[in-house]
Amino acid sequence: MTSHRTPLSALERGAPFESRHIGPDAADQAKMLAQVGYGSLDELTQAAVPEVIRSTELLRLPEARSEADVLAELRSLASRNQVLQSMIGLGYYGTFTPPVILRNVMESPAWYTAYTPYQPEISQGRLEALLNFQTVIADLTGLPTSGASLLDESTAAAEAMALSRRVGKVKEGVFLVDADCLPQTVAVLRTRAEPTGVEIVVADLSGGIPEEAAERGVFGVLLQYPGASGAVRDQRAVIERAHELGAVVTVAADLLALTLLTSPGDLGADIAVGSSQRFGVPMGFGGPHAGYMAVREKFARSLPGRLVGVSKDADGDQAYRLALQTREQHIRREKATSNICTAQVLLAVMAGMYAAYHGPDGLAAIARRTHRYAALLAAGLRAGGVETLHGAFFDTVTARVPGRADEVVALARQDGVNLRRVDADHVGMACDETTGREHLAAVWKAFGIDAGAVDVDELDAATGDALPDELLRTDDYLTHPVFHEHRSETAMLRYLRRLSDRDYALDRGMIPLGSCTMKLNATTEMEPVTWPEFGGLHPFAPAEQAEGYLTLIHELEDRLAEVTGYDKVSLQPNAGSQGELAGLLAVRAYHRANGDAQRNVCLIPSSAHGTNAASAVMAGMKVVVVKTSDNGDVDVDDLHAKIAKHGDELAVLMVTYPSTHGVFEEHITDICAAVHDAGGQVYVDGANLNALLGLAKPGRFGADVSHLNLHKTFCIPHGGGGPGVGPIGVRAHLAPYLPNHPLQPAAGPETGIGPVSGAPWGSAGILPISWAYVRLMGGEGLRKATQVAVLSANYIAKRLEPHYPVLYAGPNGLVAHECIIDVRQLTKQTGVSIDDVAKRLIDYGFHAPTMSFPVAGTLMTEPTESEDLAELDRFCETMIAIRAEIDKVGSGEWSAEDNPLANAPHTAAMLGREWEHAYSREEAVFPGSVHAADKYWPPVRRIDGAYGDRNLVCSCPPVAEYDE
Ligand SMILES: *Cc1c(COP(=O)(O)O)cnc(C)c1O
């Protein structure tokens, strides 16, 4: 009997999480290895990864733990966070996420595992949801065109500053910022202004624009509405004066306040920016939340970030898609208007749904209640002899307590309420949707007022509102039916289901997008995000209340430093693009500290991602493009020539590794050495880290700085186009120039470049995802994941090679973690375009690979380690079947105009009509092994993008237009 014993210790360990995360099991890996021609994963990666960069030692990470154990660890970390009632304000407020939205959007893989809607036919649900968001923003701000989200309020203000300079009449002059703007916004503006030569002047604009500023010239003005102090001011006169000076005026506005107050558009503003956090999105210790920007019509085509618009499909039916895609940085590069790529789609969807669920009257009621609490709070303070600063306010009251601010804040904390210490003499307190009478009592008590003696209802009867009459909102908003039809939970539940059913996300099948790493977002990793102990913290809550968070943050920083070979990591940047900017600013600061201020040339290979060039421009650098040689590698001769040419003006080389072509370039160490020898720094774009983790470390093979995309390599879901986290790792000499934060000294070095996000640790609320991934996998698991990712890409390359040319390969003819399938020759021969192939993939139940990046006319395919062999085979067989279809067009069996590729995707509606095509209905909608029962039906036919760009409609269209 005893011989049949399995040791308890082995049983206790359970199945390693690695076997859940990695799709192909050992037997499948063996089959795939056989196809690729190697005996083991180690053999394959030894052949694929150049020896000069390969790490030999194992990652020094804590051993992998089971899902149950990791959840228990996270529970224990969560319990070390204290969630007090936050009355800190400053752009972050308590909010009640309607559970129907929490569970069916934020916690629903149908929403959070979707990709950016570049394939609009399979993204109609989230495009409609984003259009709702844009409508909310446009209506409430009174400005006609809103984008589909920016990264946070502070960076949105920085984007507005850049926009003002770009489009305004005044080309010189200063950017004038009202002193009552959020302090973190002012700090982010300073970070972003300095490298581009913009001067920021902060002044009290409540009495108008100071003459000395007017004399210097003002290209832009930023006002906060209501102000950080809570004050609600009529800014019409300031705006008018600013316009006389030729300035573009931006108002940073609070959406909840705007349900009661005159809109920025009506006040005369040109741009409105802000945050939609308090529309149902948890504070999450700083993020993620959707920032917004809305503009006057004349600036619509200069808007940064993504814009959803209305167009029509091949049947002339209304359909949504991203408008003006050619404005995006991935195409415009150094001429881009901003570097925003990943934004905050999931959170914008939540905010839009919150508005749809409450409707205009519900939102106004929440605003009125919030305001009443603030009005009573102030009245109670005044009755108790405490001076308050402003007579007109919305939700925030500032009290003057000479010398006593610390004491008041400490007393309130004892009663479970966080107040804002403005300075030694002033305390700020903000009410929100979650404020109750008990919180007013706690605050009064902290000020030394006998709260028991206050009869709140009596006080209520005796206290008027504190909103100025001349600013009360009189126009209607959110009149579109979508904000009136989904008020019952049943209706909202079904609306959410209906929209998500239109979309193709990872919960339906593979999304083989090269460069985007659409891997598993495990449920265990996702769970802690919506626990109140992670969701409920204000970013400026005292550090001692965030012990769990800070432990998790520091452990994640250290572990990311270990896996990348860098010395120090900053988690502040809230997208890859922001990491790029932060990293380049660190390089810039380093050169300046060394007396090399003239070093401002950024070398970028021509195949680089568009954000690279856009970020370099934002960092005040001059972009010089390095050629790509025929085999896809950096053209080393050209690189040497450019290095020589720019001499001591060389600041940095920005290069992606493995390359954007998905190849391990063998001479990367030589490239790094050449740049270093010339006094430059090396920035390795870490978006492709999924090919390196556990096998090689950029910080060891010659790079000085990298950003990582935690929403690619480290399992944060794409959310349909955000959230993301773009931390940077740096070698020790750049560590003094990492981002920091004026309101949280622990967030970065004192000598740092300033903040690149509004919150000290950016989108802290989703860091538990990446922390959990590393904890679940351990060093060996991460390495295995990379090996299987490389195996899967090579497996696809080998299987498809007989049918399509596979572009570019590295050592031993192997690709890294993605491969480029070339359709250009076939297009030339048959007229079947890359678009036709991408859309035909929808009929087969797939999301297309990355189209035309980095090479026009090709498909870049990245399977990741999470797809199992059956799904990889389904993809390969589909691509092979599509090749056979292309051949039928080529041979003339199908005409160039009427074939399943040209007409793809095919909708269910088409089946209900008379069928007049040269191929059958079955061939159209059930090609290959597609089963009727499992069929994904695209809701619309192919969308005419150009039509929509000519007729730009970016908010919910009138219902009449839905009629035929
Ligand atoms: C995704 C990506 C980026 C930009 O990252 P975001 O998080 O979308 O801002 C930069 N470079 C490369 C190569 C990428 O794939």
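This model, with +1 at the C-beta of Lys and Arg and -1 at the C-beta of Asp and Glu, gives the chain a dipole about its Cα centre of some 660 debye. Among the lysines, select those whose C-alpha is under 18 Å from the C-alpha of Lys169, and discard any that sit fewer than 8 residues away in the same chain. By straight Cα distance, Lys169 reaches Lys298. Summing Cβ point charges (Lys, Arg +1; Asp, Glu -1) relative to the Cα centre of segment 571-773 gives a dipole of roughly 560 debye.
The trypsin sites (Lys or Arg not before Pro) found in segment 1-75 that occupy coil by DSSP, while having at most 13 further C-beta atoms within 10 Å, are Arg5, Arg60. Kirkwood analysis of segment 538-633, using all unique Cα-Cα pairs, places the hydrodynamic radius at 16.0 Å.
A dipole drawn for the chain from +1 and -1 charges on Cβ atoms has a positive end, and of His667, Ala543, Met860 the residue lying farthest that way is His667. The H on the amide N of His741, modeled in the peptide plane, is under 5 Å from the matching H of Ala747, Gly748, each at least 5 residues off or on a different chain. Here's the picture: charge each Lys and Arg Cβ at +1 and each Asp and Glu Cβ at -1 in segment 481-600, and of Met526, Ala505, Pro573 the one pushed furthest to the positive end of that dipole is Ala505. Which value at 222 nm does the chain reach when only helices count, each DSSP H run of 4 or more adding -39,500 (n - 2.57), with the total divided by all residues and rounded to the nearest 500 deg cm²/dmol? Using -39500 (n - 2.57) per qualifying helix, the result is -11000 deg cm²/dmol.
Ordered by the count of other Cβ atoms within 10 Å of each Cβ, fewest first, Glu128, Glu194 give Glu194, Glu128. Taking amide H as placed 1.01 Å from N in the peptide plane, the amide H of Asp254 sits under 5 Å from that of Tyr225, each at least 5 places away or on another chain.
Using the Cα gyration tensor of segment 891-964, with a ≥ b ≥ c the square roots of its eigenvalues, what is the shape: rounded (a/c below 1.5), prolate (a/b larger than b/c) or oblate (neither)?
Prolate, since a/c reaches 1.5 and a/b exceeds b/c.
Binning the alpha carbon pair distances of segment 420-475 at 10 angstrom intervals from zero yields the distribution 17, 39, 34, 10, 0, expressed in whole percent. Couplings 3J(HN,Hα) for segment 754-762, derived from phi with the Karplus relation 6.51 cos²θ - 1.76 cosθ + 1.60 (θ = phi - 60°), are x, x, 10, 9, x, 9, x, 10, x Hz, where x marks Gly and Pro. Backbone phi angles across segment 588-602, fed through the Karplus curve with coefficients 6.51, -1.76 and 1.60 (θ = phi - 60°), yield HN-Hα couplings of 4, 5, 4, 4, 5, 4, 8, x, 10, 4, 6, 6, 9, 9, 10 Hz in residue order; Gly and Pro are listed as x. Footprinting exposure proxy ranking of Asp152, Asp503, fewest other C-beta atoms within 10 angstrom first, gives Asp503, Asp152.
Dividing the Cα radius of gyration of segment 180-285 by its Kirkwood radius returns 0.97 for Rg/Rh.
Taken over segment 571-773, the convex hull of the Cα atoms encloses 114 Å³ per residue. Taken along the Cα-to-beta-carbon direction at a fixed 7 Å, the label points for Ile880 and Ala461 span 8.4 nm. Viscosity 0.890 mPa s, temperature 25 °C: Stokes-Einstein D of segment 326-459 from its Kirkwood Cα radius, in µm² per second? Taking Rh from Cα pairs, D becomes 142 µm²/s.
Take the Cβ atoms of Arg103 and Gln598, set R0 to 60 Å, and the FRET efficiency comes out at 0.60.
Quick one: plug the Kirkwood hydrodynamic radius of segment 798-924 (C-alpha pairs) into Stokes-Einstein at 10 °C, 1.306 mPa s, and report D in µm²/s. For the chosen part, D equals 103 µm²/s. Taking amide H as placed 1.01 Å from N in the peptide plane, the amide H of Tyr320 sits under 5 Å from that of Ser311, each at least 5 places away or on another chain.
Backbone geometry of segment 658-670 corresponds, through the Karplus equation with coefficients 6.51, -1.76 and 1.60 at θ = phi - 60°, to 3J(HN,Hα) couplings of x, 4, 4, 7, x, 10, 7, 6, 6, 9, 4, 5, 5 Hz, x marking Gly and Pro. With r as the distance between the Cβ atoms of Arg5 and His931 and R0 = 41 Å, compute the FRET efficiency 1/(1 + (r/R0)^6) and round to 0.05. Efficiency, from the Cβ-Cβ distance: 0.35. With the biggest extent put first, the Cα atoms of segment 389-548 measure 61, 45, 29 Å across the principal axes.
Among the GluC sites (Glu not before Pro) within segment 32-87, which fall in a DSSP loop and have no more than 11 other Cβ atoms within 10 Å of their own Cβ?
Glu51, Glu57, Glu63
Within 10 Å of each residue's Cβ, count the other Cβ atoms and sort His538, His484, His358 from fewest upward.
His484, His358, His538
Considering only DSSP beta bridges where both residues belong to the chain, give the percentage that are antiparallel (nearest 5).
Given both bridge residues lie in the chain, the antiparallel proportion sits at roughly 55 percent.
Note on the chain: Cα-only Rg and Dmax are 28.0, 95 Å. Dipole of the chain computed with +1 at Lys/Arg Cβ and -1 at Asp/Glu Cβ about the Cα centre; of Pro927, Val563, Ser515, farthest Cα towards the positive end is Val563. Here the calculated FRET efficiency for Glu240 and Arg54, from their Cβ-Cβ distance with R0 = 51 Å, stands at 0.20, rounded to the nearest 0.05.
A short reminder: the numbers here are calculations on the coordinates, not readings from a lab. Given the structure is predicted, the values throughout are model-derived calculations rather than measurements. Cβ atoms come from the backbone with ideal geometry, glycine included; neighbour counts cover every protein chain shown.
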